[in-house]
Amino acid sequence: MNQTKLDTIKKFLFRKRILIPLGIIILVTAFSLARGNGSSFTVITPRQGVLSETVRATGQVTSSTDLNLSFGSQGEVRQVLVSVGDKVLKDAILATLDSRSLLASVTQARATLLSAEAKVKQTGEGVLRANVALVNARRDLEATKITHDSLVSSAYHELLNSTPEAFSTDTSDDISVPVISGTYKLGKEGTITLSGYYSSGGSSFRVSGLTTGSGMATTNNPQPLGDSGLYVTFPNTSLIVSDWVISIPNKKASDYLTNLNAYNNAVKARAQAVSKAQSVVDEKVADLSIKRDPTFSADTDLARAEVLGAQGGLESAISKYEDTILRAPANGTITKIDVKYGETTDTNTPAMVLQDLENLYVEALINESNITSIALDQTVAITIDALGVDKVFAGKVVHVDPASLTTDGVVNYKIKVSLIDKNPLIRPGMNAEITITAYSKENVLSIPRASVSTRDGKSYVNVITNEKRHTFEEREIKTGVMGDGNQIEVVSGLTANDRITLTVKK
């Protein structure tokens, strides 16, 4: 290598030692300038639109009427007049106990009252006598109703039990007709259908209509027809291939007309007896109105006291009789029955459950941090777990408990949300999710709450002045309400065209 080439290489290396450090300095300077004020940031665009706050909670569907019904006394169940699913009106009779001895007590109490009233009549006190007569007439009217209601009920029971028979729907003459036995106890008219078929276990049958059930066909062991109180025996189990209908009452029975006449006579006798007793009450009211004798002797006072005591005895006897009758305390639907005909029950044993399935609501707990956002009549979106999240039902807040419930240190308040949208598939006990719209504002400018800093009671945001150079300036704004997603309303100081940033100092 000659000297000229060696000199050229030395000059090149000298320039490299100068240019490389210089280039590094230039790059660092350019990078620092590009970073602006030395902070990294995220560009945020203010949002223009609806700002709302919602509160979500889980709850359970509950009936506005949810009552466990039981008798007021102990006794043997005489009648069960309803079935699960029946809709009933307030004061409707649902079931009764054996009340024959109590009816006798009512009669005896009436006799005691009559005796006391006779003593009052002997005093010659017109006003008191007329007043006692009126009380007696009214008590007689109530006792007449009770007595004849019982007679009508018994006659109707006998009518429904007109000798039950099964009639084949098959016109063939060689069909063996099953034998029906027992005492019908459901207390309502209709038909029971008996369908025979062959199964892997032999000849079987199904029951539908007034009651439901199934069983094996036998020739010597009567099988129950559901819970109707009736039983069936087949003369030949190899011919269970037809359907039979059992009509309640059996209008073809030999004793049907006798029972029907007895029932009609009982109804007629009740109407006549009640009308007669009512006319006596009206007469006594008129008689009392024309008597104005304020004088009472000692005998009169004593007689009046005896009458009052007898009246109390009669009212007590009637009250005990009423304890044997289970009535519906409100309109609703029977959703459960825990008693059967012939069973012994008492006041501590629930007999039935009555619920109002027409008026359901959701009961939920709201945390103390959200309860201030809840108010009556707020709209609510409801989903039922059993029906899927795609089905949304409308509701509204109808009640907020004033007192809190504290569990494991967590403070909640119970609210009730009515179900405006009716759906027969919704039932008490189902789990529900509710979404309550606390408030909603249209055309609101909002930004993330995290982008706002506060100082001396004022709010500030960083408005970008040069996005490429990452520069911004601090600007005071006025904020409003908070919404979902941690968005906060901007009342003034910012426009939809501004861009702001979240700053993170290195």
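Just a few scattered comments:
- Bridgeable aspartates and glutamates around residue 90 (alpha carbons under 17 Å apart, same-chain partners fewer than 8 residues away excluded): 66, 322, 323, 356, 358.
- Restricting the calculation to alpha carbons of the range 43-198 gives Rg and Dmax of 30.0, 106 angstrom.
- Remark: the range 38-108 carries a charge dipole of roughly 220 debye about the Cα centre, counting +1 on each Lys and Arg Cβ and -1 on each Asp and Glu Cβ.
- Three-way shape label, the range 353-480, alpha-carbon gyration tensor, a/c 1.5: prolate
- Under 18 Å from the Cα of residue 391 - aspartates and glutamates, other chains or at least 8 residues apart: 421, 433
- Checking the Cα-Cα distances for 145/320; 145/252; 185/251; 336/414; 87/422; 188/251 against a 24 Å cut-off, the pairs over it are 145/252; 336/414.
- Normalised convex hull volume, the range 388-434, alpha-carbon set, Å³ per residue: 103
- Relative pair counts by distance (%), Cα atoms of the range 329-376, 5 Å bins: 5, 14, 15, 14, 11, 11, 10, 10, 5, 4, 2, 0
- Note that the range 252-381 shows a convex hull volume over its alpha carbon atoms of 385 Å³ per residue.
- The convex hull around the C-alpha trace of the range 211-282, projected and averaged over every direction, spans 7.6 square nanometres.
- Here the dipole of the range 148-205 is about 260 debye; that uses its Cα centre as origin and unit charges on the Cβ of Lys and Arg (positive) and Asp and Glu (negative).
- Volume per residue of the C-alpha convex hull in the range 41-124, rounded to whole Å³: 338
Any read-out appearing in this document is the output of simple, stated calculations on the displayed coordinates, not a laboratory observation. Computed from a predicted model, the values in this text were never measured in an experiment. When we count neighbours, we look across all protein chains shown, and the Cβ atoms used for this are built from the backbone with ideal geometry, even at glycine.
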